[in-house]
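Take a look at the structure set out below.
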Amino acid sequence: MTGSDVTRDGPRGERPGREAVPAALQPGKPPGTGRRRKGKGRGEQLMVPRAEFRSYYGRPVVKAPAWQARDIAGYFFTGGLAGAGSVLAAGAGLTGRHATAKAMKVSSLAAISLSTAALIHDLGRPERFANMLRVIKPTSPMSVGSWLLAGYGPAAGAAAGSALTGLLPRAGRAATGVAAMLGPAVAAYTAVLAADTAVPAWHDAHRELPYVFTASATAAAAGMALTLAPARENGPARNAALLAAAGEAVAVRLMKRRTGIVAETYEQGRGGRLLRAAERLTAGGALGAALLGRHRAAAVASGLALLAGSACTRFGIFHAGIASAEDPRYTVVPQRERLDSRPPEHGNGRSERPGRHDRNERKAQA
(Lines give C-alpha, C1' and ligand atoms only; values in the text may rest on other atoms or scores of the structure.)
Protein backbone atom coordinates (compact mmCIF):
# COMPACT_ATOMS: atom_id res chain seq x y z
CA MET A 1 0.00 0.00 0.00
CA THR A 2 1.39 3.43 -0.94
CA GLY A 3 0.72 6.83 0.59
CA SER A 4 -1.54 7.78 -2.28
CA ASP A 5 -3.90 4.97 -1.30
CA VAL A 6 -4.72 6.62 2.04
CA THR A 7 -7.71 8.96 2.03
CA ARG A 8 -9.67 10.90 4.69
CA ASP A 9 -12.10 8.00 4.96
CA GLY A 10 -9.33 5.49 5.57
CA PRO A 11 -7.12 3.29 3.45
CA ARG A 12 -8.45 2.54 0.04
CA GLY A 13 -8.65 -1.10 -1.02
CA GLU A 14 -8.10 -2.57 2.46
CA ARG A 15 -10.01 -5.76 3.24
CA PRO A 16 -12.57 -5.43 6.05
CA GLY A 17 -11.40 -6.62 9.45
CA ARG A 18 -13.21 -7.68 12.57
CA GLU A 19 -14.91 -4.30 12.88
CA ALA A 20 -16.60 -4.71 9.51
CA VAL A 21 -20.38 -4.47 9.50
CA PRO A 22 -22.06 -7.80 8.68
CA ALA A 23 -23.74 -8.03 5.32
CA ALA A 24 -27.13 -8.51 6.95
CA LEU A 25 -26.78 -5.08 8.70
CA GLN A 26 -25.35 -3.10 5.82
CA PRO A 27 -27.66 -0.47 4.31
CA GLY A 28 -29.27 -1.51 1.09
CA LYS A 29 -28.96 -5.22 1.83
CA PRO A 30 -32.23 -7.14 1.86
CA PRO A 31 -33.06 -8.82 5.16
CA GLY A 32 -32.34 -12.50 5.43
CA THR A 33 -29.04 -12.45 3.47
CA GLY A 34 -25.82 -13.75 4.89
CA ARG A 35 -25.81 -15.34 8.34
CA ARG A 36 -28.01 -14.25 11.20
CA ARG A 37 -28.88 -15.39 14.67
CA LYS A 38 -32.34 -16.59 15.41
CA GLY A 39 -34.19 -16.96 18.68
CA LYS A 40 -32.39 -17.61 21.94
CA GLY A 41 -29.93 -20.09 20.48
CA ARG A 42 -26.40 -19.05 19.64
CA GLY A 43 -26.11 -21.23 16.55
CA GLU A 44 -25.92 -19.70 13.12
CA GLN A 45 -28.60 -20.24 10.53
CA LEU A 46 -26.93 -21.09 7.26
CA MET A 47 -28.46 -19.88 4.06
CA VAL A 48 -28.11 -23.32 2.45
CA PRO A 49 -31.12 -25.10 0.99
CA ARG A 50 -32.23 -28.24 2.76
CA ALA A 51 -30.93 -31.45 1.25
CA GLU A 52 -33.29 -33.18 -1.10
CA PHE A 53 -33.02 -36.94 -1.41
CA ARG A 54 -32.92 -37.56 -5.11
CA SER A 55 -31.42 -40.20 -7.28
CA TYR A 56 -30.14 -40.18 -10.83
CA TYR A 57 -32.73 -38.91 -13.28
CA GLY A 58 -35.23 -38.53 -10.43
CA ARG A 59 -35.73 -42.28 -10.06
CA PRO A 60 -36.17 -43.95 -6.64
CA VAL A 61 -33.14 -45.52 -4.97
CA VAL A 62 -35.04 -48.79 -4.49
CA LYS A 63 -37.18 -50.16 -7.28
CA ALA A 64 -40.70 -50.76 -6.02
CA PRO A 65 -42.05 -54.28 -6.64
CA ALA A 66 -44.18 -54.60 -9.73
CA TRP A 67 -46.85 -56.35 -7.70
CA GLN A 68 -50.54 -55.60 -7.97
CA ALA A 69 -52.30 -54.90 -4.69
CA ARG A 70 -55.29 -57.04 -5.62
CA ASP A 71 -53.09 -60.05 -6.29
CA ILE A 72 -50.33 -59.89 -3.69
CA ALA A 73 -52.17 -58.21 -0.80
CA GLY A 74 -55.10 -60.52 -1.51
CA TYR A 75 -52.65 -63.43 -1.57
CA PHE A 76 -51.37 -62.35 1.86
CA PHE A 77 -54.88 -62.09 3.29
CA THR A 78 -56.41 -65.29 1.92
CA GLY A 79 -53.31 -67.35 2.70
CA GLY A 80 -53.35 -66.20 6.30
CA LEU A 81 -57.08 -66.88 6.58
CA ALA A 82 -56.60 -70.41 5.28
CA GLY A 83 -53.66 -71.29 7.52
CA ALA A 84 -55.20 -70.00 10.74
CA GLY A 85 -58.57 -71.47 9.76
CA SER A 86 -57.10 -74.97 9.60
CA VAL A 87 -55.80 -74.61 13.14
CA LEU A 88 -59.26 -73.57 14.36
CA ALA A 89 -60.82 -76.42 12.40
CA ALA A 90 -58.58 -78.98 14.08
CA GLY A 91 -59.31 -77.54 17.51
CA ALA A 92 -63.04 -77.50 16.86
CA GLY A 93 -62.96 -81.13 15.73
CA LEU A 94 -61.10 -82.23 18.84
CA THR A 95 -63.58 -80.45 21.15
CA GLY A 96 -66.72 -81.80 19.48
CA ARG A 97 -67.70 -78.61 17.62
CA HIS A 98 -68.33 -80.44 14.37
CA ALA A 99 -70.32 -77.68 12.64
CA THR A 100 -67.52 -75.20 13.26
CA ALA A 101 -64.89 -77.69 12.12
CA LYS A 102 -66.73 -78.42 8.88
CA ALA A 103 -67.27 -74.73 8.14
CA MET A 104 -63.63 -73.85 8.78
CA LYS A 105 -62.34 -76.73 6.65
CA VAL A 106 -64.43 -75.60 3.70
CA SER A 107 -63.51 -71.94 4.16
CA SER A 108 -59.81 -72.80 4.41
CA LEU A 109 -60.00 -74.74 1.14
CA ALA A 110 -61.73 -71.81 -0.55
CA ALA A 111 -59.22 -69.32 0.86
CA ILE A 112 -56.13 -71.27 -0.18
CA SER A 113 -57.61 -71.74 -3.65
CA LEU A 114 -58.09 -67.99 -3.99
CA SER A 115 -54.59 -67.38 -2.61
CA THR A 116 -52.98 -69.71 -5.11
CA ALA A 117 -55.02 -68.23 -7.95
CA ALA A 118 -53.92 -64.71 -6.97
CA LEU A 119 -50.27 -65.79 -6.89
CA ILE A 120 -50.50 -67.49 -10.29
CA HIS A 121 -52.27 -64.45 -11.75
CA ASP A 122 -49.46 -62.21 -10.54
CA LEU A 123 -46.85 -64.57 -11.98
CA GLY A 124 -48.55 -64.28 -15.36
CA ARG A 125 -48.48 -67.93 -16.46
CA PRO A 126 -49.50 -71.01 -14.44
CA GLU A 127 -46.38 -72.96 -15.43
CA ARG A 128 -44.22 -70.46 -13.53
CA PHE A 129 -45.65 -71.73 -10.26
CA ALA A 130 -44.82 -75.30 -11.32
CA ASN A 131 -41.29 -74.23 -12.22
CA MET A 132 -40.74 -73.01 -8.66
CA LEU A 133 -41.25 -76.59 -7.48
CA ARG A 134 -38.36 -77.92 -9.56
CA VAL A 135 -35.86 -77.08 -6.81
CA ILE A 136 -35.89 -76.74 -3.03
CA LYS A 137 -33.99 -73.74 -1.69
CA PRO A 138 -34.35 -73.36 2.10
CA THR A 139 -32.79 -69.89 2.03
CA SER A 140 -35.47 -68.58 -0.36
CA PRO A 141 -38.81 -67.62 1.22
CA MET A 142 -40.47 -67.94 -2.18
CA SER A 143 -39.20 -71.48 -2.66
CA VAL A 144 -40.22 -72.50 0.86
CA GLY A 145 -43.60 -70.83 0.43
CA SER A 146 -44.23 -72.61 -2.86
CA TRP A 147 -43.61 -75.98 -1.26
CA LEU A 148 -45.78 -75.03 1.72
CA LEU A 149 -48.65 -74.25 -0.62
CA ALA A 150 -48.01 -77.47 -2.55
CA GLY A 151 -48.24 -79.49 0.66
CA TYR A 152 -50.94 -77.56 2.43
CA GLY A 153 -53.39 -77.25 -0.47
CA PRO A 154 -54.00 -80.99 -0.99
CA ALA A 155 -54.25 -81.55 2.77
CA ALA A 156 -56.84 -78.80 3.13
CA GLY A 157 -58.72 -80.17 0.12
CA ALA A 158 -58.77 -83.71 1.52
CA ALA A 159 -59.94 -82.47 4.91
CA ALA A 160 -62.76 -80.44 3.38
CA GLY A 161 -63.77 -83.23 1.02
CA SER A 162 -64.02 -85.76 3.82
CA ALA A 163 -66.02 -83.33 5.96
CA LEU A 164 -68.49 -82.63 3.17
CA THR A 165 -69.00 -86.20 1.96
CA GLY A 166 -68.42 -88.15 5.15
CA LEU A 167 -66.15 -90.56 3.26
CA LEU A 168 -62.81 -91.81 4.56
CA PRO A 169 -63.08 -90.25 8.02
CA ARG A 170 -59.66 -91.49 9.15
CA ALA A 171 -57.97 -90.04 6.09
CA GLY A 172 -59.92 -86.84 6.68
CA ARG A 173 -58.70 -86.59 10.26
CA ALA A 174 -55.13 -87.20 9.12
CA ALA A 175 -55.45 -84.51 6.47
CA THR A 176 -56.90 -82.14 9.07
CA GLY A 177 -53.87 -82.73 11.27
CA VAL A 178 -51.42 -82.11 8.42
CA ALA A 179 -53.22 -78.89 7.44
CA ALA A 180 -53.21 -77.74 11.07
CA MET A 181 -49.45 -78.37 11.37
CA LEU A 182 -48.69 -76.47 8.15
CA GLY A 183 -51.26 -73.75 8.83
CA PRO A 184 -49.11 -71.46 11.05
CA ALA A 185 -46.28 -71.51 8.53
CA VAL A 186 -48.71 -70.72 5.68
CA ALA A 187 -50.08 -67.80 7.70
CA ALA A 188 -46.65 -66.35 8.58
CA TYR A 189 -44.32 -67.08 5.66
CA THR A 190 -45.70 -64.25 3.52
CA ALA A 191 -44.36 -61.81 6.11
CA VAL A 192 -40.89 -63.35 5.71
CA LEU A 193 -41.33 -63.15 1.94
CA ALA A 194 -42.06 -59.42 2.14
CA ALA A 195 -39.34 -58.67 4.69
CA ASP A 196 -36.74 -60.43 2.52
CA THR A 197 -37.06 -57.68 -0.10
CA ALA A 198 -35.25 -54.32 -0.14
CA VAL A 199 -38.50 -52.40 0.44
CA PRO A 200 -37.73 -50.24 3.52
CA ALA A 201 -41.12 -50.50 5.25
CA TRP A 202 -41.05 -54.29 4.99
CA HIS A 203 -37.37 -55.00 5.46
CA ASP A 204 -36.95 -52.73 8.47
CA ALA A 205 -39.95 -54.40 10.12
CA HIS A 206 -38.62 -57.93 9.68
CA ARG A 207 -38.77 -58.64 13.41
CA GLU A 208 -42.40 -57.65 13.99
CA LEU A 209 -43.98 -58.36 10.62
CA PRO A 210 -44.43 -62.15 11.15
CA TYR A 211 -46.24 -61.46 14.43
CA VAL A 212 -48.46 -58.88 12.74
CA PHE A 213 -49.36 -61.30 9.95
CA THR A 214 -49.98 -64.20 12.33
CA ALA A 215 -52.21 -62.14 14.62
CA SER A 216 -54.08 -60.71 11.65
CA ALA A 217 -54.60 -64.19 10.23
CA THR A 218 -55.94 -65.41 13.57
CA ALA A 219 -58.37 -62.50 13.70
CA ALA A 220 -59.58 -63.33 10.18
CA ALA A 221 -60.06 -67.01 11.02
CA ALA A 222 -61.92 -66.11 14.20
CA GLY A 223 -64.12 -63.77 12.18
CA MET A 224 -64.87 -66.52 9.68
CA ALA A 225 -65.81 -68.88 12.49
CA LEU A 226 -68.10 -66.28 14.06
CA THR A 227 -69.76 -65.72 10.69
CA LEU A 228 -70.29 -69.36 9.67
CA ALA A 229 -70.52 -71.37 12.89
CA PRO A 230 -73.52 -71.58 15.20
CA ALA A 231 -73.53 -69.24 18.16
CA ARG A 232 -73.44 -72.11 20.66
CA GLU A 233 -70.03 -73.21 19.32
CA ASN A 234 -68.25 -69.87 18.90
CA GLY A 235 -66.69 -69.62 22.37
CA PRO A 236 -63.14 -70.45 21.18
CA ALA A 237 -63.51 -68.11 18.22
CA ARG A 238 -64.49 -65.24 20.52
CA ASN A 239 -61.45 -65.86 22.72
CA ALA A 240 -59.20 -66.10 19.69
CA ALA A 241 -60.55 -62.80 18.37
CA LEU A 242 -59.65 -61.00 21.62
CA LEU A 243 -56.14 -62.46 21.74
CA ALA A 244 -55.54 -61.73 18.06
CA ALA A 245 -56.72 -58.14 18.31
CA ALA A 246 -54.51 -57.46 21.32
CA GLY A 247 -51.50 -59.17 19.74
CA GLU A 248 -51.88 -57.31 16.46
CA ALA A 249 -52.20 -53.94 18.21
CA VAL A 250 -49.04 -54.53 20.26
CA ALA A 251 -47.05 -55.82 17.29
CA VAL A 252 -48.04 -52.89 15.07
CA ARG A 253 -47.06 -50.36 17.74
CA LEU A 254 -43.70 -52.02 18.28
CA MET A 255 -43.15 -52.09 14.54
CA LYS A 256 -43.85 -48.37 14.20
CA ARG A 257 -41.62 -47.52 17.16
CA ARG A 258 -38.61 -49.48 15.93
CA THR A 259 -38.70 -48.53 12.25
CA GLY A 260 -38.10 -44.82 12.94
CA ILE A 261 -38.74 -42.48 10.03
CA VAL A 262 -39.98 -45.37 7.88
CA ALA A 263 -42.99 -45.64 10.22
CA GLU A 264 -44.38 -42.56 8.48
CA THR A 265 -45.50 -44.80 5.63
CA TYR A 266 -47.63 -46.76 8.12
CA GLU A 267 -49.29 -43.56 9.33
CA GLN A 268 -49.67 -41.47 6.17
CA GLY A 269 -51.16 -41.92 2.74
CA ARG A 270 -53.23 -44.88 1.66
CA GLY A 271 -51.33 -47.27 3.90
CA GLY A 272 -51.99 -45.14 6.97
CA ARG A 273 -55.70 -44.82 6.22
CA LEU A 274 -56.07 -48.57 5.74
CA LEU A 275 -54.17 -49.40 8.93
CA ARG A 276 -56.27 -46.97 10.96
CA ALA A 277 -59.41 -48.58 9.55
CA ALA A 278 -57.97 -52.00 10.36
CA GLU A 279 -57.32 -50.99 13.95
CA ARG A 280 -60.89 -49.78 14.44
CA LEU A 281 -62.50 -52.75 12.69
CA THR A 282 -60.41 -55.34 14.51
CA ALA A 283 -60.93 -53.77 17.91
CA GLY A 284 -64.65 -53.29 17.31
CA GLY A 285 -65.09 -56.83 16.04
CA ALA A 286 -63.22 -58.33 18.99
CA LEU A 287 -65.19 -56.32 21.55
CA GLY A 288 -68.47 -57.11 19.81
CA ALA A 289 -67.64 -60.81 19.79
CA ALA A 290 -66.69 -60.78 23.46
CA LEU A 291 -69.74 -58.86 24.66
CA LEU A 292 -72.47 -59.88 22.20
CA GLY A 293 -71.08 -62.93 20.46
CA ARG A 294 -73.65 -65.30 21.97
CA HIS A 295 -76.29 -63.70 19.74
CA ARG A 296 -76.22 -64.86 16.15
CA ALA A 297 -76.67 -61.46 14.50
CA ALA A 298 -74.01 -59.80 16.66
CA ALA A 299 -71.64 -62.68 16.06
CA VAL A 300 -72.01 -62.34 12.29
CA ALA A 301 -71.49 -58.56 12.41
CA SER A 302 -68.41 -58.96 14.62
CA GLY A 303 -67.03 -61.66 12.35
CA LEU A 304 -67.42 -59.51 9.24
CA ALA A 305 -65.67 -56.63 11.03
CA LEU A 306 -62.76 -58.90 11.93
CA LEU A 307 -62.47 -60.14 8.36
CA ALA A 308 -62.53 -56.59 7.00
CA GLY A 309 -59.97 -55.48 9.57
CA SER A 310 -57.57 -58.28 8.63
CA ALA A 311 -57.92 -57.43 4.94
CA CYS A 312 -57.24 -53.74 5.66
CA THR A 313 -54.12 -54.72 7.61
CA ARG A 314 -52.67 -56.65 4.69
CA PHE A 315 -53.55 -54.02 2.10
CA GLY A 316 -52.31 -51.22 4.37
CA ILE A 317 -48.93 -52.88 4.88
CA PHE A 318 -48.69 -53.52 1.14
CA HIS A 319 -49.32 -49.87 0.22
CA ALA A 320 -46.98 -48.65 2.96
CA GLY A 321 -44.21 -50.75 1.46
CA ILE A 322 -44.76 -49.41 -2.03
CA ALA A 323 -44.75 -45.82 -0.71
CA SER A 324 -41.48 -46.40 1.16
CA ALA A 325 -39.81 -47.75 -1.98
CA GLU A 326 -40.91 -44.83 -4.11
CA ASP A 327 -39.53 -42.14 -1.74
CA PRO A 328 -35.68 -42.08 -1.59
CA ARG A 329 -35.82 -40.50 1.87
CA TYR A 330 -36.89 -43.77 3.47
CA THR A 331 -33.85 -45.49 2.00
CA VAL A 332 -31.18 -42.81 2.55
CA VAL A 333 -32.00 -41.59 6.07
CA PRO A 334 -32.03 -45.02 7.77
CA GLN A 335 -28.78 -45.93 6.01
CA ARG A 336 -27.10 -42.78 7.30
CA GLU A 337 -28.41 -43.41 10.80
CA ARG A 338 -27.02 -46.93 10.77
CA LEU A 339 -23.65 -45.69 9.54
CA ASP A 340 -23.50 -43.02 12.24
CA SER A 341 -24.32 -45.55 14.95
CA ARG A 342 -21.53 -47.95 13.95
CA PRO A 343 -18.41 -48.17 16.16
CA PRO A 344 -15.43 -46.04 15.07
CA GLU A 345 -13.29 -49.05 14.18
CA HIS A 346 -15.90 -50.07 11.62
CA GLY A 347 -16.60 -46.62 10.29
CA ASN A 348 -14.72 -47.11 7.05
CA GLY A 349 -16.61 -50.27 6.19
CA ARG A 350 -13.40 -52.31 5.87
CA SER A 351 -12.75 -55.47 7.78
CA GLU A 352 -9.51 -55.48 9.74
CA ARG A 353 -7.83 -58.64 8.49
CA PRO A 354 -4.27 -59.38 9.52
CA GLY A 355 -1.65 -58.82 6.86
CA ARG A 356 0.75 -61.42 5.48
CA HIS A 357 3.57 -60.25 7.77
CA ASP A 358 1.35 -60.57 10.85
CA ARG A 359 0.25 -64.07 9.87
CA ASN A 360 3.82 -65.21 9.28
CA GLU A 361 4.88 -63.76 12.62
CA ARG A 362 2.09 -65.60 14.40
CA LYS A 363 3.10 -68.87 12.73
CA ALA A 364 6.70 -68.33 13.82
CA GLN A 365 5.64 -67.69 17.40
CA ALA A 366 3.53 -70.84 17.37
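The values are calculated or read from the model by the stated rules, or taken from the named source; none is laboratory data. Predicted model only: the values in this text are computed from it and were never measured. No Cβ is skipped: glycine too gets one built from the backbone with ideal geometry, and neighbour counts run over all protein chains shown. Just so you know, the surface numbers come from the protein's heavy atoms only, side chains and all, with ligands and any DNA or RNA stripped out. Shrake-Rupley method; radii C 1.70, N 1.55, O 1.52, S 1.80 Å.
Stretched out fully, how many nm does the piece from Arg280 to Met181 gain, at 0.36 nm a residue minus the Cα gap? Walk me through the intermediate numbers first.
Values: separation 99, 0.36 × 99 = 35.64 nm, distance 3.09 nm.
Full-extension gain reported as 32.5 nm.
At each listed q (0.12, 0.14 Å⁻¹), what is the log10 of I(q)/I(0) that the Debye formula gives for the stretch 69-326 modelled as equal alpha-carbon point scatterers?
-0.66, -0.89
Work out from phi, with θ = phi - 60° and the Karplus expression 6.51 cos²θ - 1.76 cosθ + 1.60, the ³J(HN,Hα) of each residue of the stretch 222-233, listed in order in whole Hz, and give x for Gly and Pro.
Values, residue by residue: 5, x, 5, 5, 5, 6, 9, 8, x, 5, 6, 10 Hz.
Determine, from the Cβ-Cβ distance of Leu291 and His121 and an R0 of 45 Å, the FRET efficiency 1/(1 + (r/R0)^6), rounded to the nearest 0.05. Could the numbers behind the result be given before it?
Numbers: r = 40 Å, r/R0 = 0.89.
Efficiency, from the Cβ-Cβ distance: 0.65.
Roughly how many Å is it from the Cα centre of the stretch 251-304 to that of the stretch 79-158, as a whole number?
24 Å
On the accessible surface of the stretch 69-326, probed at 1.4 Å, how many percent belong to carbon and sulfur atoms?
Numbers: 7290 of 11090 Å².
Of the solvent-accessible surface of the stretch 69-326, carbon and sulfur hold 66 percent.
Compare the peptides 303-312, 163-172, 289-298, 203-212 by average per-residue count of other Cβ atoms within 10 angstrom and give them in order, highest first.
So the peptides 303-312, 163-172, 289-298, 203-212, ranked by packing, come out 303-312, 203-212, 289-298, 163-172.
Give me the net charge of Ala220's neighbourhood, meaning all other residues with Cβ under 13 Å from the Cβ of Ala220; Lys, Arg count +1, Asp, Glu -1.
Values: positive: Arg314; negative: Glu248.
So the environment of Ala220 carries a net charge of 0.
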